[in-house]
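J.: Before I ask anything, let me first share the structure, which is written out below as structure tokens.
The values are calculated or read from the model by the stated rules, or taken from the named source; none is laboratory data. Since we're looking at a predicted model, the values are computed, not measured. Using ideal geometry, Cβ is built from the backbone for each residue, glycine included, and neighbour counts are taken over all protein chains shown.
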Amino acid sequence: MGSQFTTRESSSDAPLLAVHNVTFGYGRQPLLYDLTMQVGAGELVGLLGPNGSGKTTLLRLISGVLRPHSGQILLEGRDLQQLGRRGAARRIAVVPQELHMPFAFTVEHMVSLGRTPFTSAFGTLSKQDHQIVQEAMEAAGIASLAGRIFNELSGGERQRVMIAMAFAQQPCLLLLDEPTSHLDIKYQIETLELVQRLNRERGVTVIAAMHDLNLAARYFPRLLLFQRGIVADAGPAEVLDPALLSRVYGINVQVGILRGAEHLSVLPPGSEPTENEAEHHSGPRVHVMAGGGSGELLMRALADARLPFVAGALNIGDSDHTLALRLASAVITEQPYAPISPATLEQLRAGLQHASLLVICPTPVGTGNLALLQAAVTAARNGLPVLILAPAQNDVQPDAETSQEMLLQQTGILTRDYAEGQGVQCMRELLQAGAIVVGSVGEVVEIIRKMGVLASEE
């Protein structure tokens, strides 16, 4: 008789898991915004991000415990909500950070709980169920612990029991919430080696929220970096970028390959400045004001030209904020869907005092972000050069003879002002203070390069 311990394979060409435009929050505070991602069958994916970034919430949404406020989650091409809790439990297994049992259950009893989604209303296990439980314990290396009391085991042993219980469900998708957070280094490695081996041998797809960046780099070929949305989705070499990690986690780190090692290592900051830090202190200090995707082309162009810049203030969840976390040398961040707070505005003003140039992108202006333009007006009056990016919609180029009203119209503010004319007034004051209207991203890049050349000649 062949082994009963198998995993399912999707017969569809669709990805095993597809998250489409999912938004979710607790109370009035949104946490995930318009999130879209896909995971293929057999992948091993690590979720990274600081506390509160949404990793555990995403796992709960994928498991079906939480329902998204908007958007859709598909498992094997089917809506997760249509599967129901029992149907989802037959396909998705979850290993929590910790599990405390109020009863003196044995290890074998614990693992047998993984068969609950498949048993009758009376919870009776069939001969086949018992065989699957035995094979799950053997696969996890805990068969010898079958008669032991779960609560009396060490942390590493309990973790293996929980993984065996999850595999007794015969899932196509295994979710782990920080599986190594309470373990010493021996059990951390043993746990992840077990997960990696079961993924390789059984073909089960694994998504794990991780707090240890070094372990994530070693065991997960695909990493998703979270900050209330996906900031980066790639292999360890790209995601574990020191500048990116510094912006997301709020602390400077170094990333490299230790002597004799094969994997990337994330290290505390050293006394010497990194190459990125040195680069960020050369040339003009450029500040970009954007939002709603208006700064995407400019930020990518500046990054391609290796011109460092600061971005903000930007709301968490804004597409420009997500991109700025990847490309900018620093990002001034505001809470999602919130107006600019006094603390954030003070941070912006301090940043503008140290800037050499401000570039304002064609973002819509409302009461929530009007304070940004007002701060820009003050900075311009204090002598900060300002460029207003306004992609030309006709062949007319501004010159010395162009009237201010024509320039005002060319900025596009007349169609982007949702602040009862206050945005138009700020733009008019910027022009009066000497702001220059620039018709293309290329022109902005060229101006910044010339500023750098002039500064080096002085």
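J.: Filter region 156-170 for residues that are more than 15 Å from E193 (Cβ to Cβ) and aliphatic (A, V, I, L, M) and give the result.
T.: Across region 156-170, the qualifying residues are V161, M162, M165, A166, A168.
J.: Go through the residues of region 16-27 one by one and say whether even a single one is modelled with pLDDT of 90 or more, within 30 Å of N252 (Cβ to Cβ), not acidic (D, E) and not assigned by TED's automatic domain parsing to the domain that holds D318.
T.: no
J.: Restricting to region 125-135, name every residue that is closer than 17 Å to F105 by Cβ and either in contact with a strand residue (DSSP E or B) (Cβ under 9 Å, 6 or more places away or on another chain) or modelled with pLDDT of 90 or more (or both).
T.: Matches in region 125-135: H130, V133, Q134.
J.: While we're on this one: L348 - would you say it is in a helix (DSSP H, G or I), closer than 25 Å to G452 by Cβ and out of contact with any Gly (no Cβ under 6 Å at 6 or more places or on another chain)?
T.: yes
J.: Here's another thing I want to ask about it. Does at least one position in region 58-72 carry a residue that is outside the structural domain of D318 (by TED's automatic domain parsing), of a type in the set (A, V, I, L, M), over 30 Å from S144 (Cα atoms) and not in a helix (DSSP H, G or I)?
T.: Yes, the conditions are met somewhere in region 58-72.
Here's the yes/no breakdown for (1) surrounded by 16 or more Cβ atoms within 10 Å (Cβ to Cβ); (2) more than 12 Å from Q159 (Cα to Cα); (3) at pLDDT below 90:
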| position | (1), (2), (3) |
| --- | --- |
| K186 | no, yes, yes |
| L192 | yes, no, no |
| N199 | yes, yes, no |
| I207 | yes, yes, no |
| L215 | yes, yes, no |
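Here is a yes/no grid of residues against (1) outside any helix (DSSP H, G or I); (2) touching a His at 6+ places or on another chain (Cβ under 6 Å); (3) not charged (D, E, K, R); (4) not assigned by TED's automatic domain parsing to the domain that holds G203:
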| residue | (1), (2), (3), (4) |
| --- | --- |
| E108 | no, no, no, no |
| L113 | no, no, yes, no |
| I132 | no, no, yes, no |
| M137 | no, no, yes, no |
| G141 | yes, no, yes, no |
| E157 | no, no, no, no |
| M162 | no, no, yes, no |
| A166 | no, no, yes, no |
| L176 | yes, no, yes, no |
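J.: Which residues, counting only those in region 92-114, are of a type in the set (D, E, K, R), within 18 Å of Q134 (Cα to Cα) and surrounded by fewer than 20 Cβ atoms within 10 Å (Cβ to Cβ)?
T.: none
J.: So, one more: I'd like to check something: does region 185-201 contain any residue that is out of contact with any helix residue (DSSP H, G or I) (no Cβ under 8 Å at 6 or more places or on another chain), part of a strand (DSSP E or B) and assigned by TED's automatic domain parsing to the domain that holds F105?
T.: Checked region 185-201: no residue is out of contact with any helix residue (DSSP H, G or I) (no Cβ under 8 Å at 6 or more places or on another chain), part of a strand (DSSP E or B) and assigned by TED's automatic domain parsing to the domain that holds F105.
Rundown of residues vs (1) touching a residue at least 24 places away in the same chain (Cβ under 8 Å); (2) in contact with a helix residue (DSSP H, G or I) (Cβ under 6 Å, 6 or more places away or on another chain); (3) of a type in the set (F, W, Y), yes/no style:
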site: A89; (1), (2), (3): yes, yes, no
site: A104; (1), (2), (3): yes, no, no
site: S126; (1), (2), (3): no, no, no
site: Q131; (1), (2), (3): yes, no, no
